[in-house]
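Trainee: Here's a structure for you.
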Amino acid sequence: MHIYPHLWFNGQAEEAMEFYRSVFKTSKVLQRTELPDPELSVVRFELSGLQIAALNANSKVPYNEAFSLLVETGDQEETDYYWNALIADGGKEQPCGWLTDKFGVYWQVTPTILLKMIADPDKVKASRVMQAMYKMKKIVIADLEHAYQG
């Protein structure tokens, strides 16, 4: 048994797959399946070890933030890279490290250090970091560290 995220695109599954493969360098195409209905097809691909299925269908079903893909980053350079790559060509910045890409898929670009700081047993430090994060769109680690130190 396997569980995969399944994304629905309005005729853009191949384009989305190629875009994501350009962003996540350790990615690959797994399968392309043409279905009997010429408006439907399925692609399967892998992004940094996560297998994803994507449907091409001639129907616009909007994504929302109830489901997002989390990119956990190691430093500011990596955070900047994924943030900028995913908002390119029509993506939109959202608060607190969230964004939507040009296909409307929701992503979180989150430095590991943020997750550690907000889980700190010192609730005062954790709260300062949360308050700093609430003011951000793209996460800026130096600003988080400044808030953490007080």
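Trainee: Residue by residue through the range 1-15, note down the ones that are surrounded by 13 or more Cβ atoms within 10 Å (Cβ to Cβ) and aliphatic (A, V, I, L, M).
Mentor: LEU7, ALA13 - these are the residues of the range 1-15 that are surrounded by 13 or more Cβ atoms within 10 Å (Cβ to Cβ) and aliphatic (A, V, I, L, M).
Trainee: Would you call GLU39 open to solvent by less than 80 Å² (accessible area, probe 1.4 Å) and not hydroxyl-bearing (Ser, Thr, Tyr)?
Mentor: Working: open to solvent by less than 80 Å² (accessible area, probe 1.4 Å): no; not hydroxyl-bearing (Ser, Thr, Tyr): yes.
In short, no.
Trainee: Looking at the range 112-123, is at least one residue under 30 Å from TRP8 (Cα atoms), open to solvent by less than 20 Å² (accessible area, probe 1.4 Å) and either free of Cβ contacts under 8 Å to residues at least 60 places away in the same chain or under 13 Å from the mean Cα position of the chain (by Cα) (or both)?
Mentor: No, the range 112-123 contains no residue that is under 30 Å from TRP8 (Cα atoms), open to solvent by less than 20 Å² (accessible area, probe 1.4 Å) and either free of Cβ contacts under 8 Å to residues at least 60 places away in the same chain or under 13 Å from the mean Cα position of the chain (by Cα) (or both).
Trainee: Please go through the range 141-150 and pick out each residue that is at pLDDT 95 or above and either open to solvent by 50 Å² or more (accessible area, probe 1.4 Å) or acidic (Asp, Glu) (or both). It would help to see each step written out before you state the result.
Mentor: First, pick out the residues of the range 141-150 that are at pLDDT 95 or above: 141-149.
Residues satisfying the conditions are ALA142, ASP143, GLU145, HIS146, GLN149.
Trainee: Looking at the range 56-74 only, could you name the residues that are of a type in the set (A, V, I, L, M) and open to solvent by 30 Å² or more (accessible area, probe 1.4 Å)?
Mentor: Start the filter on the range 56-74 by keeping residues that are of a type in the set (A, V, I, L, M), which leaves 57, 61, 66, 69-71.
Scanning the range 56-74 gives VAL61, ALA66, LEU70.
Trainee: Still on this model: Consider TRP107 carefully, then state whether it is in a helix (DSSP H, G or I) and under 11 Å from the mean Cα position of the chain (by Cα).
Mentor: Taking the combined requirement at face value, the residue does not satisfy it.
Trainee: For the structure I just gave you, tell me whether ASP80 is more than 16 Å from TYR106 (Cα to Cα), of a type outside the set (A, V, I, L, M, F, W, C) and outside any loop (DSSP other than H, G, I, E, B).
Mentor: yes
Trainee: When the residues of the range 16-27 are filtered to those that are modelled with pLDDT of 95 or more and open to solvent by 70 Å² or more (accessible area, probe 1.4 Å), which remaining residue is farthest from the chain's Cα centre (by Cα)?
Mentor: Per the stated criteria, the residue is GLU18.
Trainee: OK, next. Restricting attention to the range 28-66, and to residues there that are of a type in the set (Gly, Ala, Ser) and out of contact with any strand residue (DSSP E or B) (no Cβ under 7 Å at 6 or more places or on another chain), which single residue is modelled with the lowest pLDDT?
Mentor: Of everything passing the filter in the range 28-66, SER59 is modelled with the lowest pLDDT.
The values are calculated or read from the model by the stated rules, or taken from the named source; none is laboratory data. What you see is a predicted model, and the numbers here were worked out from it, not measured in a lab. Ideal geometry is used to build each Cβ from the backbone, glycine not excepted, and the neighbour counts take in all protein chains shown. Note: areas computed on protein heavy atoms with side chains; ligands, DNA, RNA excluded. Shrake-Rupley method; radii C 1.70, N 1.55, O 1.52, S 1.80 Å.
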